Amino acid sequence: MRYLRLLAIQLRTSLLLSMQYRADFLLDAFVEVFWMATAILPLVVVFRVRPVIAGWSFGDALMVMGWFTFLQGVLEGAINPSLVTVVEHIRKGTLDFVLIKPADAQFLVSTARFQPWRAVNVATSLGLFAWGFARLGRGPSAGDVALAAVAMVAAVVVLYSLWMLTVSAAFYFVRIDNLSQLFGAVFDAARWPVQIFRGVVRAVFTFVIPLALMTTYPAEALLGRLGTGTLLGALAGAAAAFVITRLVWTASIGKYTSAGG
Amino acid sequence: MIRVRALRKHYQVHERPPGVAGALRSLFHRTYKAVAAVDGIDFDIAASERVGFLGPNGAGKTTTLKVLSGLLHPTSGEVSVDGHEPRRRDDAFLQKIMLVLGQKQQLLWDLPPSDTFELNRAVYGVPRDEYAATLRELTELLELGDLVRKPARTLSLGERMKCELAAALIHRPKVLFLDEPTIGLDVSMQATVRGFVERYNQRYGATILLTSHYMEDVQRLCPRVIVIDKGKLVYDGALEALVARIRPDKRVVLRFTRPVDRADLADLGTVVRHGAGDTVLDVHKDAVNRVVTQALARLPVADLTVENPPLEEVMSELFARGHAEPSP
């Protein structure tokens with residue numbers, strides 16, 4: 001309850017901050033639309049040549065694209081801004097002020113900054129789903145939507161955990177810009193169904209950097225073809241990732257040496 | 001209130017030889033050296049005491065404050081603050097303390113300070129009516145006026161420091177660690193901050209441990225000082241006693257109606273300065289009476305004052321002696 005109130009006040013602060021920069025808001029919205037268009041383009045081109053790839057039709061693939069857009073919104077709107085702030089705190093030594101507050105430090109840093117207008121992505125992803133189902137000539141069942149939502153929760157938890165682990169690395173290396181850029185580049189591959197990849201790459205994208213779990217599974221759930229076993233596996237994986245992240249974060253805090261006198 | 005026993009904090013520091021070759025070598029083979037930032041210090045501070053924490057740069061002052069506030073884990077030793085072990089960082093402990101770092105800021109850069117206050121109110125769970133009362137008092141004591149409604153980035157350094165202090169005290173901490181709270185401030189703003197710290201201490205009975213490079217801060221605020229150098233405790237006691245022990249001399253400042261030969265001053269005391277304006281002599285405190293009488297009788301004195309030697313000089317002398325003289 002207390003943490004819900006804290007979350008509300010953190011959101012309020014972020015909202016105030018983003019309203020300080022109205023011009024940024026407009027620019028960001030424009031850039032976002034542009035990126036969305038370029039992101040869909042390769043999909044359109046590829047499916048024009050071959051109607052079905054690795055068992056995915058264009059309509060099916062739009063579900064993956066929809067979840068990718070949604071997750072990108074979560075990443076850019078709720079995860080990345082906060083974590084950029086933590087790295088900044090670590091570099092400047094102002095993490096002191098976070099650690100000295102009587103509330104969970106991981107919670108405080110993870111909710112420090114939101115970019116509310118990224119909610120635009122949610123609307124876009126709904127549009128992509130609608131387009132996809134129109135191509136398929138049917139709609140999703142209520143059960144499938146519920147399953148997809150559950151799969152998405154697992155996806156968000158995994159994404160958050162991976163990002164948090166990257167940030168924990170900042171305690172040891174301080175500059176992690178490259179690491180997070182690399183991660184961003186890899187995350188881009190999540191717009192494709194994982195079945196498109198083969199061999200080692202697919203294994204990596206399923207177990208190491210679980211892109212499959214992030215977009216392919218929720219898409220399959222929405223299409224009504226995700227096995228229960230896979231979903232449970234995804235949930236277990238997400239829970240494990242969260243616990244590991246918590247442990248690594250706690251250890252990192254213990255190692256924290258502060259900066260700048 | 002605060003109890004420190006045999007506190008040690010060592011850092012592993014990566015060492016590398018200078019130059020490109022050294023840097024290359026250290027990429028593959030690193031050598032580490034343990035640096036003792038704090039090397040076995042003990043002290044106790046009673047509730048509502050104001051203590052100055054002195055030492056040259058790198059003496060371990062900030063490290064000690066960070067250990068006391070739970071940010072750093074001690075390598076060894078025992079630390080307790082109002083019955084809590086700081087490194088556990090439990091909420092009850094964190095509710096009671098605050099660390100103000102003059103060189104870092106917690107105010108949200110793009111928002112008015114009032115939004116940071118509001119955030120802290122929520123984090124510390126301060127009830128609304130209590131918050132309103134505290135804020136009223138802080139606004140009055142610090143003369144904040146409508147500063148709190150301007151974005152922090154538009155405030156001057158001094159204004160920002162006042163708001164930093166207010167943000168740090170929303171939860172009325174019982175223990176206040178101040179690390180260089182007046183750094184970079186102009187003289188009148190320093191005086192404002194000093195006056196505020198004193199009143200906060202008196203009004204709430206808060207325990208205050210303060211580091212500063214401005215001796216004026218320490219002289220005005222702290223009846224007791226703890227001096228550390230190279231991680232070791234050099235002195236703990238009354239400021240006056242420290243001055244008397246290190247520099248038993250008084251400073252006699254003379255102004256003459258006509259020029260006086262330097263040779264005429266030699267038997268009075270050590271001549272620190274002898275110029276057109278004034279003449280400064282260091283005189284042992286027991287000899288002050290005799291010297292003043294002689295000077296008035298023998299020399300064309302227009303004005304005469306007796307002062308303590310500047311604390312800056314006392315400190316640099318203390319640190320120059322190193323550990324030659326153990327504390328009592």
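The values are calculated or read from the model by the stated rules, or taken from the named source; none is laboratory data. Please read all numbers here as calculations on a predicted model, not as lab measurements. Please note: Cβ atoms are built from the backbone with ideal geometry, for glycine as well, and neighbour counts cover all protein chains shown. We work out accessible area using only protein heavy atoms, side chains counted, and drop any ligands, DNA or RNA first. Shrake-Rupley method; radii C 1.70, N 1.55, O 1.52, S 1.80 Å.
Pull out a ≥ b ≥ c, the square roots of the eigenvalues of the alpha-carbon gyration tensor of the stretch A:75-117, then state rounded if a/c is under 1.5, prolate if not and a/b is larger than b/c, and oblate in the remaining case. Here the stretch A:75-117 falls in the oblate category.
Averaged over the residues of A:99-107, the number of partner chain Cβ atoms lying within 10 Å of the residue Cβ comes to 6.
At most 12 other Cβ atoms within 10 Å and a DSSP loop assignment: could you name the trypsin sites (Lys or Arg not before Pro) in the stretch A:54-155 that fit? Don't jump to the answer; show the numbers that get you there.
Working: sites: A:ARG91, A:LYS92, A:ARG113, A:ARG118, A:ARG135, A:ARG138; in loops: A:ARG113, A:ARG138.
Those that pass, being in a loop and sparsely packed, are A:ARG138.
Taking other residues whose beta carbon is less than 13 angstrom from the beta carbon of B:THR31, and scoring Lys, Arg as +1 and Asp, Glu as -1, yields +3. Helix B:113-124 and the longest principal axis of the C-alpha atoms of chain B enclose an angle of approximately 60°. Per-residue surface analysis assigns B:THR154 an accessible area of about 80 Å², computed on protein heavy atoms at 1.4 Å probe radius. Rounded to the nearest 500, what is the 222 nm mean residue ellipticity of chain B from helices alone, with -39500 (n - 2.57) per DSSP H run of 4+ residues and division by all residues? Result for chain B, helices only: -10500 deg cm²/dmol. Between helix B:19-28 and chain B there is an angle of about 40 degrees, using the helix long axis and the longest principal axis of the Cα atoms.
Each residue of the stretch A:115-120 in order: what ³J(HN,Hα) in whole Hz does its phi give by Karplus 6.51 cos²θ - 1.76 cosθ + 1.60, θ = phi - 60°, with x for Gly and Pro? Karplus-based 3J(HN,Hα) across the stretch A:115-120 equals 10, x, 6, 5, 4, 3 Hz. Solvent-accessible surface of protein heavy atoms, probed at 1.4 angstrom with all chains present, puts B:ARG298, B:ARG160 in the order B:ARG298, B:ARG160, largest first.
Probe radius 1.4 Å, ligands and nucleic acids ignored: give me the carbon and sulfur share of the accessible area of the protein assembly as shown as a rounded percent. Numbers along the way, then the final one.
Details: 16220 of 27120 Å².
So the carbon and sulfur contribution to the accessible surface is 60 percent.
Looking at the protein assembly as shown alone, DSSP beta bridges between its own residues are antiparallel in about 70 percent of cases. For B:LYS285, the solvent-accessible surface computed with a 1.4 Å probe is close to 100 Å², ligands and nucleic acids excluded. For B:GLY40, the amide hydrogen comes within under 5 Å of the amide hydrogens of B:LEU7, B:ARG8, B:LYS9, counting only partners 5 or more places away or on other chains and with H modelled in the peptide plane. Applying a DSSP loop filter and a limit of 15 other Cβ atoms within 10 Å to the trypsin sites (Lys or Arg not before Pro) in the stretch A:167-261 leaves A:ARG175, A:ARG198, A:ARG225.
Quick check on chain A: helices-only [θ] at 222 nm, where DSSP H runs of length 4 and up contribute -39,500 (n - 2.57) each and the sum goes over total residues. Nearest 500, please. Don't skip to the end; give the middle numbers.
Working: 12 runs with 187 residues, N = 261.
Computed ellipticity for chain A at 222 nm equals -23500 deg cm²/dmol.
Close amide H pairs (under 5 Å, H built 1.01 Å from N) link B:VAL100 with B:PHE177, B:LEU178, B:ASP179, residues at least 5 positions away or on another chain.
For the stretch A:2-255, with only Lys/Arg (+1) and Asp/Glu (-1) charged at the beta-carbon, what is the dipole magnitude about the Cα centre, in debye rounded to 20?
Dipole size: approximately 140 debye.
Annotation for the stretch B:220-273 versus the stretch B:133-184: alpha-carbon center distance of 35 Å. Quick check on the stretch A:43-97: take the gyration tensor over C-alpha atoms, sort the square-rooted eigenvalues as a ≥ b ≥ c, and tell me if it's rounded (a/c under 1.5), prolate or oblate. Verdict is prolate for the stretch A:43-97.
Determine the order of B:GLU164, B:GLU317 by accessible area, beginning with the largest, at a probe radius of 1.4 Å.
B:GLU317, B:GLU164
Can you list the residues of the stretch B:21-46 with backbone N under 14 Å from a point 7 Å past the Cα of B:ARG87, pointing along Cα to Cβ? The answer is B:38, B:40. Bridges between two residues of the stretch B:46-243, per DSSP, are antiparallel at a rate of about 30%. For the residues of B:167-174, the average number of beta carbons from a partner chain within 10 Å of their own beta carbon is 1.
Annotation: A:PHE25 carries an accessible surface of approximately 80 Å², with a 1.4 Å probe and no ligand, DNA or RNA atoms counted. Given +1 at the Cβ of Lys and Arg, -1 at the Cβ of Asp and Glu and no other charges, the dipole of chain B around its Cα centre is 780 debye to the nearest 20. Remark on B:VAL234: its backbone amide H falls under 5 Å from those of B:VAL227, B:ILE228, B:ASP229, a criterion applied only to residues 5 or more positions apart or on other chains, H modelled at 1.01 Å from N. State whether chain A is rounded, prolate or oblate according to the following rule on the C-alpha gyration tensor (a ≥ b ≥ c being the square roots of its eigenvalues): a/c under 1.5 gives rounded; otherwise a/b larger than b/c gives prolate, and the remaining case gives oblate. Prolate, since a/c reaches 1.5 and a/b exceeds b/c. Using a cut-off of 27 Å between Cα atoms, the listed pairs A:LYS101/A:LYS255; B:LYS61/B:LYS162; B:LYS150/B:LYS174; B:LYS33/B:LYS96; B:LYS96/B:LYS150 include B:LYS150/B:LYS174; B:LYS33/B:LYS96; B:LYS96/B:LYS150 as exceeding that distance.
Averaged across the residues of B:90-99, what count of C-beta atoms belonging to other chains lies within 10 Å of each residue's C-beta? The partial results should precede the final answer.
Working: counts 1, 4, 1, 2, 5, 2, 1, 2, 2, 4.
Across B:90-99, the average partner-chain Cβ count within 10 Å equals 2.
Each Cα pair under 8 Å and six or more residues apart adds its sequence gap; the mean of these over the residue count of the stretch B:46-243 is a relative contact order of 34 percent. Converting phi to 3J(HN,Hα) with the Karplus coefficients 6.51, -1.76 and 1.60 and the offset θ = phi - 60°, the stretch B:85-98 yields 8, x, 4, 6, 6, 6, 4, 4, 5, 5, 5, 8, 10, 7 Hz in sequence order, with x at every glycine or proline.
In a reduced charge model with +1 at each Lys and Arg Cβ and -1 at each Asp and Glu Cβ, the protein assembly as shown shows a dipole moment near 1460 debye about its Cα centre.
The C-alpha atoms of chain B define a longest principal axis, and helix B:187-204 lies at about 60 degrees to it. The stretch B:10-42 and the stretch A:129-206 have Cα centres separated by 40 Å. Here the 3J(HN,Hα) profile of the stretch B:210-224, calculated from phi with Karplus coefficients 6.51, -1.76 and 1.60 at θ = phi - 60°, is 10, 10, 7, 8, 8, 4, 4, 4, 5, 4, 6, 9, 10, x, 10 Hz, Gly and Pro shown as x.
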